[in-house]
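In what follows, a single structure is set out as structure tokens and then discussed.
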Amino acid sequence: MKKGLILIGLLLLVGVFIAGIYNTAVTLNENVDEAWGNVQTAYQRRNDLIGNLVNTVKGAADYEKSALTQVIEARAKATSVTIDPSNITPEQLAQFNKVQGGLSGALKSLLVTVERYPDLKANQNFLKLQDELTSTENQILTSRTRFNESIKPYNKHVKTFPNTLFTGILGFNSKPYFDAEAGAEKPVNVDFDFN
């Protein structure tokens, strides 16, 4: 009888231990999901602003259509990539980062092209949209940083011993961090050509 109670007590203790590991993993995973939702919200805000920016530029300037077409195509690619944060893989995150980087590059080209149109640069709608876009890019950076900050405690929890003995079985695997866009490590070439 005594051995049976000891065995039941040990099983309860192990059950409580595993439940603690599971509940902590669920809480940390929810934090990651929330942070990923904030990343997507910031990118969605940028995508919404881009439509307004493109229409403003299209209506105010008669310039090379290629810059406008690049932005529209890059925006379509960027909105086509979706990720499930509970099963996020490094490959999915790299693909998401790649298409968002393509959109950033197309936007930069559009804004450089706009520099040739003084009427457009003075247009209040355009200036407001440009400011909102800058603000949104800062929000994206903040959201990506917070996403990475939420990944760290989650990964630490699922990778440390003895948790790692149970987390994989319970369906909790480590998640990838948001990396910098390809080429971000290269310095920006600034050329002041006054001719």
Problem set entry | Violating pairs (Cα-Cα greater than 31 angstrom) within the set Lys128/Lys152; Lys77/Lys175; Lys98/Lys156; Lys108/Lys159; Lys98/Lys159 | Lys128/Lys152; Lys108/Lys159
Problem set entry | Integer Hz, Karplus 6.51/-1.76/1.60 couplings in order for region 135-144, x for Gly and Pro | 4, 5, 4, 5, 5, 4, 4, 4, 5, 5
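Coordinate-derived values only; no laboratory data. The shown structure was predicted, so the numbers you read here are calculated from the model rather than taken from an experiment.
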